[in-house]
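Bear in mind that the values in this text are calculations on the coordinates, not laboratory data. Note that the structure is a prediction, hence the values are computed from the model and not measured. When we count neighbours, we look across all protein chains shown, and the Cβ atoms used for this are built from the backbone with ideal geometry, even at glycine.
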Amino acid sequence: MSTTATDTLTAPVPLGGPTLPQERRIVTSIPGPRSQELLARKADAVAAGVGHTVPIQAVAAGGGVVVDADGNSLIDLGAGIAVTTLGNAHPRIVAAVQEQVAQFTHTCFMVSPYESYVAVAEALNRITPGSHAKKSALFNSGAEAVENAVKIARKYTKKQAVVAFDHGYHGRTNLTMALTAKSMPYKSGFGPFASEVYRAPMSYPFRDGGLSGADAARKAISVIEKQVGADNLAAVIIEPIQGEGGFIVPADGFLQGLLTWCRSNNVVFIADEIQTGFARTGAMFASDLFGIEPDLITTAKGIAGGLPLAAVTGRAEIMDASHAGGLGGTYGGNPLACAAALAAIDVFENDGLTERAEQIGAILTDRLRRMQSADPRIGDIRGRGAMIAAEFVVPATGDADGTLTSTIAKACIAEGVIVLTCGTYGNVIRFLPPLSISDELLHEALDVVEAALAAA
Ligand SMILES: *Cc1c(COP(=O)(O)O)cnc(C)c1O
């Protein structure tokens with residue numbers, strides 16, 4: 001366990017990918033000297049607003065671990081926020097990108113189209129919920145996909161208002177800040193925000209007194225009808241399972257109730273599946289779990305193994321509402337990202353990834369439920385597949401316990417386990433491991449979480 005700083009300073013940087021030794025290995029305190037050096041440079045050179053959760057200098061990652069410059073190997077329960085679902089540096093993605101980078105790196109699809117962009121659109125049209133005619137458009141980031149979904153819905157309906165939900169998160173650009181619920185850190189001081197954005201109550205079974213999905217939908221629809229009016233409403237946008245807001249799973253019937261209302265009122269139903277998409281929840285898309293077929297779906301994060309890509313996919317007649325030249329961007333559907341996405345989608349469809357997400361979910365849920373039965377500070381365990389969270393509370397009152405949550409998260413990171421927090425009240429630890437993690441590593445990571453909870 002003891003390695004001197006000089007050893008680690010001269011240690012060769014390991015190659016990433018699944019052949020990286022799959023172990024938790026702590027050889028310095030975290031951050032070690034090399035990582036500290038980088039973090040000092042970061043503080044000098046990088047804008048203070050760009051924060052970080054894990055104080056390391058990452059040099060390689062793969063399978064279920066992230067290795068830092070000091071030689072520490074951390075178990076990854078975050079997957080870069082649900083991005084490297086297949087595991088970092090997946091061999092199929094590496095090969096696809098290497099082949100493409102030597103062929104051409106950019107033409108701009110709006111200038112000279114290429115095949116891989118069209119193939120990604122075809123794949124998305126095929127694998128997203130519903131067998132209706134669909135089309136897609138590609139972008140660079142989740143926020144950009146959300147912005148474009150709203151543009152498309154407005155053009156199609158010739159209406160302007162958009163409804164988002166309590167606890168919702170949709171990005172950091174101006175329109176998506178307006179759609180996002182939580183002020184700190186996402187919005188505070190960054191206004192004024194885009195207009196014609198309204199908020200409706202979410203179904204949150206742990207905190208809304210167990211309202212049925214149908215009742216929660218009626219409540220939201222009543223707010224929408226009274227405060228916005230269907231005649232003014234272009235779109236409703238919702239995460240089928242909320243991500244940053246705390247992995248909130250709506251009660252059965254909530255999404256269906258909203259969708260049915262949207263259909264009868266010429267309102268476009270947009271499912272933001274940026275965090276839930278691509279096998280993460282044990283289905284290809286979370287909408288599949290709830291049996292809904294959204295009009296438009298936004299995707300990003302898990303789509304391309306870590307390369308920046310995002311998409312809007314949906315009903316052909318809605319997607320075609322925009323005049324030519326109204327949608328696009330210089331880099332949208334970059335050829336390297338498209339090559340990666342085609343490889344990733346092939347793996348998602350053919351390597352049993354939804355089944356693996358379910359297995360991981362079963363392990364996480366079982367272990368967390370056992371911890372909960374011995375510790376009332378765990379108020380709720382929820383999620384689907386490899387997207388599971390624990391909500392921490394003060395047992396006597398049920399109030400959110402954000403302090404306990406951040407204490408546990410920090411202790412896990414210090415012991416070599418990457419965990420992320422979330423939730424409107426900062427009292428949720430979310431587990432989003434890469435699906436390439438082994439059962440052994442996952443159990444070891446949960447042992448660390450359990451010990452951190454006991455010690456807190
Ligand atoms: C991450 C996320 C976004 C924003 O994606 P970026 O790529 O960070 O712009 C939007 N919606 C949801 C649900 C997300 O999880």
Prolate/oblate/rounded label for the range 126-273 (Cα gyration tensor, a/c 1.5): rounded
Span from the the range 407-435 Cα centroid across to the the range 114-172 one, whole angstrom: 30 Å
Karplus 3J(HN,Hα) series, Hz, for the range 416-430 with 6.51 cos²θ - 1.76 cosθ + 1.60 (x for Gly, Pro): x, 10, 7, 10, 10, 9, 6, x, 3, 9, x, 10, 10, 9, 10
Where labels lie 7 Å past Cα in the beta-carbon direction, separation of SER406 and GLU444 in nm: 3.0 nm
Likely footprinting exposure, THR260, THR365, THR313, fewest C-beta neighbours within 10 Å first: THR260, THR365, THR313
Gyration tensor (alpha-carbon) shape descriptor, the chain, a/c threshold 1.5: oblate
Relative counts (whole %) of C-alpha pair distances in the range 70-111, using bins that are 10 Å wide: 22, 32, 32, 13, 2
Descending principal axes extents, the range 56-192, alpha-carbon based, whole Å: 54, 42, 30
Taking the chain and dividing mean pair separation by its residue count, relative contact order in percent (alpha carbons under 8 Å, at least six apart): 20 percent
Among ALA304, VAL267, ALA316 - extreme Cα towards positive end, dipole of the range 93-350, charges at beta-carbon: VAL267
Value of Rg/Rh across the range 93-350 [Cα atoms, Kirkwood radius]: 0.97
Residue-span extension gain [PHE190 to GLN98] - 0.36 nm each, minus C-alpha spacing: 29.2 nm
Leading residue at positive end of dipole, the chain (Cβ point charges), from ILE345, SER287, PRO376: SER287
About the Cα centre, charge dipole magnitude for the chain (Lys/Arg +1, Asp/Glu -1 at Cβ), debye: 1080 debye
Simple Cβ-charge dipole of the range 93-350, Lys/Arg +1 and Asp/Glu -1, about Cα centre, in debye nearest 20: 640 debye
For a label point 7 Å along the Cα-to-beta-carbon line of THR330, residues of the range 90-113 with backbone N under 15 Å: 106-111
FRET efficiency for ALA45 and LYS226, using Cβ-Cβ distance with R0 set to 56 Å, rounded to 0.05: 0.65
The range 206-303 shape via C-alpha gyration tensor axes, a/c threshold 1.5: oblate
Selection of chymotrypsin sites (Phe, Trp or Tyr not before Pro), the range 148-207, meeting DSSP coil and at most 15 other Cβ within 10 Å: PHE190, PHE193
Computed [θ] at 222 nm, helices only, for the chain once each DSSP H run of length n ≥ 4 contributes -39500 (n - 2.57): -11500 deg cm²/dmol
Leading residue at positive end of dipole, the chain (Cβ point charges), from GLY49, LEU74, PRO33: GLY49
Normalised convex hull volume, the range 92-133, alpha-carbon set, Å³ per residue: 84 Å³
Loop chymotrypsin sites (Phe, Trp or Tyr not before Pro), the range 53-154, which have at most 15 other Cβ atoms in a 10 Å radius of their Cβ (DSSP): PHE104
Whole-Hz ³J(HN,Hα) from phi, Karplus 6.51 cos²θ - 1.76 cosθ + 1.60, for the range 38-54, glycine and proline x: 5, 5, 5, 4, 4, 4, 6, 10, 9, 3, 4, x, 8, x, 8, 9, 10
Potential extension, SER29-ASP346 segment - 0.36 nm per residue separation minus Cα distance: 110.1 nm
Using a Förster distance of 45 Å, the FRET efficiency for ALA451-SER112 (Cβ separation, nearest 0.05): 0.20
